[in-house]
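Q: Input: one structure, supplied below.
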Amino acid sequence: MSKSVLITGAGMGLGLETALYLAQRGFTVYASVPEAAHRDLVMTRAAEQGVTLHVPRLDVTDEASIRETVGTILAETGHVYGVVHNAGISLRGYFEDCEEEEIRRVMEVNFFGTLAVTRAVLPSMRQAGQGRLIFISSIGGRIASMARTAYCASKFAIEGFAESLMQEVAPLGLHVSIIEPAIIRTERWTVHRGIARRALDPDSPYREWFQRQEELADVLVRTSPTKPMHVARVVYRALTARRPRLRYMVGWRAKSVLLLRRLLPGELFERFYFGEAMRRVAGSSS
Ligand SMILES: NC(=O)c1ccc[n+]([C@@H]2O[C@H](COP(=O)([O-])OP(=O)(O)OC[C@H]3O[C@@H](n4cnc5c(N)ncnc54)[C@H](OP(=O)(O)O)[C@@H]3O)[C@@H](O)[C@H]2O)c1
């Protein structure tokens, strides 16, 4: 019997690509979307590729929708073999320009939403003595960058949560993997860019720096060699490896920066890497 996998936020971007990739390789995929209105688009993409996707409505901040979807998967397939925690939102802007409510929303979706979905699937995975929990973090969950305080904090939180959870559930036969992609061109960089309401306010003391930061981000997005398919492949690996790794980095840029951080003494890395980032944006690092 084919293994069932739930993906959150699968209406576009990395989630949709992963859903299609897994369905092509024999998984029963529940490509959940927060708005029922996005269902048709996902179904159309699935039909174009000749695969079947189930498309339940699941908003990670709406517990009833989580319960209902997990209940449906259990009723239809008898198990939830894997979960890909992919849903996430961005918030771009210097900290002083980010409102409390905007920051809380990022934590609600990226952190508490992920916890809620985990809580919903764990009992059945535990009883089955198998299951794979895959968390789509980010290079921003290992190395933070300016104008993304809330986003990086949410991804650092996910890294800590998942690393801790791994130690709790490994003795039960469950696997946890954290996936850390570099920048990838998806809707995240257009419709979902998540610019804080005050970030471009002419009165903001950070406006100019933020604009420069955005221009630099655009260059990185435009020139990024990493594609959604690379994430899909790594998710597949984490779902099928006999011994999946705790962490997978995706994209050579993410790998090189993390390697640099591992090799250089802390202070040197900070001076070199963060110093260069600050110089490019603010013209000076102190
Ligand atoms: N693209 C990158 O450069 C990059 C790099 C590193 C990590 N990541 C991470 O990879 C994941 C996917 O990113 P992406 O680039 O594919 O972003 P995306 O194109 O913006 O897609 C994000 C998806 O999450 C969904 N979503 C938002 N709020 C939700 C909620 N409350 N409940 C359920 N789903 C919700 C969105 O649905 P709606 O459209 O209906 O809002 C959308 O389908 C995110 O966790 C992101 O942080 C992305």
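The values are calculated or read from the model by the stated rules, or taken from the named source; none is laboratory data. Not measured: the values here are computed from a predicted model. Every residue, glycine as well, gets a Cβ built from its backbone with ideal geometry; the counts of neighbours run over all protein chains shown.
Q: In segment 156-164, is there at least one residue being within 12 Å of the ligand (Cβ to nearest atom) and either touching a Pro at 6+ places or on another chain (Cβ under 9 Å) or hydroxyl-bearing (Ser, Thr, Tyr) (or both)?
A: No, the conditions are met nowhere in segment 156-164.
Q: Take the residues of segment 1-15 that are within 7 Å of the ligand (Cβ to nearest atom) and buried (at least 24 other Cβ atoms within 10 Å of the Cβ): which is nearest to residue 71 (Cα to Cα)?
A: Initial filter on segment 1-15 (within 7 Å of the ligand (Cβ to nearest atom)): 8-15.
Adding the requirement that they be buried (at least 24 other Cβ atoms within 10 Å of the Cβ) leaves 8-10, 14-15.
On the way: 8: 15, 9: 18, 10: 18, 14: 25, 15: 21 Å.
Out of the qualifying residues, it is 8.
Q: Then there's this: Could you count how many residues in segment 16-50 are in contact with a Phe, Trp or Tyr (Cβ under 9 Å, 6 or more places away or on another chain) and either among the aromatic types (Phe, Trp, Tyr) or surrounded by fewer than 23 Cβ atoms within 10 Å (Cβ to Cβ) (or both)?
A: 4
Matching residues to (1) over 13 Å from residue 180 (Cα atoms); (2) more than 16 Å from the ligand (Cβ to nearest atom); (3) in contact (Cβ under 8 Å) with a residue 12 or more places away in the chain; (4) surrounded by 13 or more Cβ atoms within 10 Å (Cβ to Cβ):
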position: 237; (1), (2), (3), (4): yes, yes, no, yes
position: 242; (1), (2), (3), (4): yes, yes, no, no
position: 253; (1), (2), (3), (4): no, no, yes, yes
position: 258; (1), (2), (3), (4): no, no, yes, yes
position: 261; (1), (2), (3), (4): yes, yes, yes, yes
position: 274; (1), (2), (3), (4): yes, yes, no, yes
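Q: Looking at segment 139-150, which of its residues are under 10 Å from residue 178 (Cβ atoms) and near the ligand (Cβ under 10 Å from one of its atoms)? Let's see the steps before the verdict.
A: Of all residues in segment 139-150, those under 10 Å from residue 178 (Cβ atoms) come to 141-142.
Selection gives 141 alone.
Q: With the condition kept exactly as written, say whether any residue in segment 189-197 is surrounded by 15 or more Cβ atoms within 10 Å (Cβ to Cβ), touching a helix residue (DSSP H, G or I) at 6+ places or on another chain (Cβ under 6 Å) and more than 12 Å from residue 93 (Cβ to Cβ).
A: Checking segment 189-197: at least one residue is surrounded by 15 or more Cβ atoms within 10 Å (Cβ to Cβ), touching a helix residue (DSSP H, G or I) at 6+ places or on another chain (Cβ under 6 Å) and more than 12 Å from residue 93 (Cβ to Cβ).
Q: Now, a different point. Looking at segment 48-95 only, could you name the residues that are of a type in the set (Gly, Ala, Ser) and within 14 Å of the ligand (Cβ to nearest atom)? Please lay out each step first, then the result.
A: Just the residues of segment 48-95 that are of a type in the set (Gly, Ala, Ser), to begin with: 50, 64-65, 71, 75, 78, 82, 87-88, 90, 93.
Answer for segment 48-95, where residues must be of a type in the set (Gly, Ala, Ser) and within 14 Å of the ligand (Cβ to nearest atom): 64, 65, 87, 88, 90.
Q: Could you list, in sequence order, the residues of segment 166-188 that are out of contact with any Gly (no Cβ under 8 Å at 6 or more places or on another chain) and surrounded by 19 or more Cβ atoms within 10 Å (Cβ to Cβ)?
A: 176, 177, 179
Q: Still on this structure, please answer the following. Scan segment 186-207 residue by residue and report those that are away from the ligand (no atom under 14 Å from the Cβ) and either among the small types (Gly, Ala, Ser) or closer than 29 Å to residue 256 by Cα (or both). I'd like the intermediate steps shown before the answer.
A: So in segment 186-207, the residues away from the ligand (no atom under 14 Å from the Cβ) come out as 196-207.
Matches in segment 186-207: 196, 199, 204.
Q: How do the helices (runs of 4 or more DSSP H) wholly within segment 163-267 filter down when requiring 2 or more residues that are closer than 28 Å to residue 125 by Cβ, of a type in the set (A, V, I, L, M) and modelled with pLDDT of 95 or more: which remain? First the steps, then the outcome.
A: Working: elements: 207-223, 228-240, 252-263.
By residue number, 228-240.
Q: May I pose another question? Tell me yes or no: at least one residue of segment 107-115 is over 16 Å from the mean Cα position of the chain (by Cα) and closer than 20 Å to residue 175 by Cβ. Lay out the reasoning, then the answer.
A: Here is the first cut: in segment 107-115, the residues over 16 Å from the mean Cα position of the chain (by Cα) are none.
Looking for residues that are over 16 Å from the mean Cα position of the chain (by Cα) and closer than 20 Å to residue 175 by Cβ, one finds none in segment 107-115, hence no.
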